[in-house]
Structure formats: C-alpha cells, structure tokens
Amino acid sequence: MAARRLWRQQALQALYAIAVGRRDPAEAIDEIVGARAGSEQREFIRDLVLGTIEHAPESDAVVGPLLEAWTIERLPSVDRCVLRMAAFELLRRPQTPPAVVINEAVTLAKKFSTEDSGRFVNGVLSALARSHAGS
C-alpha cells in the first residue's frame, strides 16, 4: 500500500527530528505531516511515532542482542530509528504482517541511510521476526 509507505516515511522523519533535533514529538509530527493530512494518516503516524518512543527500551532490549558486535547507540541515527520503529510494529502491531514491516524498513533504510543499511536492517529484523514468531 503506497499510502502506508509514505506514512512510515513521514513517521521516520518525525522520529529522526525528535532523536537528532531534540524536537517535541507533537511539534515534529505536525511539521512533518502538515495541515492537509487526513485523520487516518495523522492517526497512523502519531500512533507509530509515539508507540516507537514509548516502547524504545523494549525494542532496544530485543534488537540489541541481534546487532553482532554493535550497540544500539553506535548505529547511525537513521538505522536506529528504523529498527526501533520496525521492532515496535513487529512486537506491538500484530495486524501488520512481519514481511510488510521488514520490507518497509529495508526500503526506508536504503533510501535514507548508508549503502549497507538495507541489508543490515533486513538481517536484524528477520532474526527478530523469527525469534518472536508465535509469541
């Protein structure tokens, strides 16, 4: 669904503004989403951003062991935001199929981060999805 891809991209942009720019979440969401956004779009992005922030410690705890010689703090900021957002969806939004979450995260990592980020994010999230299958 192309709309949801754009919404996840906007959620990532808001998360990045919050993490790097130390922006207030509500202000970052309003700035990224804009006044023209429909209520469904605004609600999806708001829930994704605020849920990612609220559950970041949980996401870090499950993603951390999968990083292989890295720590969550040492990752590029975009990768960290992408992994936290996708981990939140994998763990807290069972209505979204894991393959969709992983594909969207890989697409975002490829678009906004380093050359190797897509492959890295795919590996981490695939391992997370396998380890939490049926949980």
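Some values worked out for this structure:
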read-out: Sole exception among (1) among the small types (Gly, Ala, Ser); (2) at pLDDT 95 or above; (3) surrounded by fewer than 17 Cβ atoms within 10 Å (Cβ to Cβ) for Ala17, by number; value: (3)
read-out: Within the stretch 14-40, tally of residues that are over 21 Å from Leu91 (Cα atoms), part of a helix (DSSP H, G or I) and not hydrophobic (A, V, I, L, M, F, W, C); value: 7
read-out: Residue that is surrounded by the most Cβ atoms within 10 Å (Cβ to Cβ), among those in the stretch 102-126 that are free of Cβ contacts under 8 Å to residues at least 24 places away in the same chain and not small (Gly, Ala, Ser); value: Val106
read-out: In the stretch 32-44, the residues that are surrounded by 13 or more Cβ atoms within 10 Å (Cβ to Cβ) and at pLDDT below 95; value: Ile32, Val33, Ala37, Gln41, Arg42
read-out: Residues within the stretch 97-115 that are touching a helix residue (DSSP H, G or I) at 6+ places or on another chain (Cβ under 9 Å) and modelled with pLDDT under 95, tallied; value: 1
read-out: When residues of the stretch 58-95 are limited to those that are among the polar types (S, T, N, Q) and free of Cβ contacts under 8 Å to residues at least 24 places away in the same chain, the one surrounded by the most Cβ atoms within 10 Å (Cβ to Cβ); value: Thr71
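The values are calculated or read from the model by the stated rules, or taken from the named source; none is laboratory data. Only a predicted model underlies this, so the values are computations on that prediction, with no experimental measurement involved. Cβ atoms come from the backbone with ideal geometry, glycine included; neighbour counts cover every protein chain shown.
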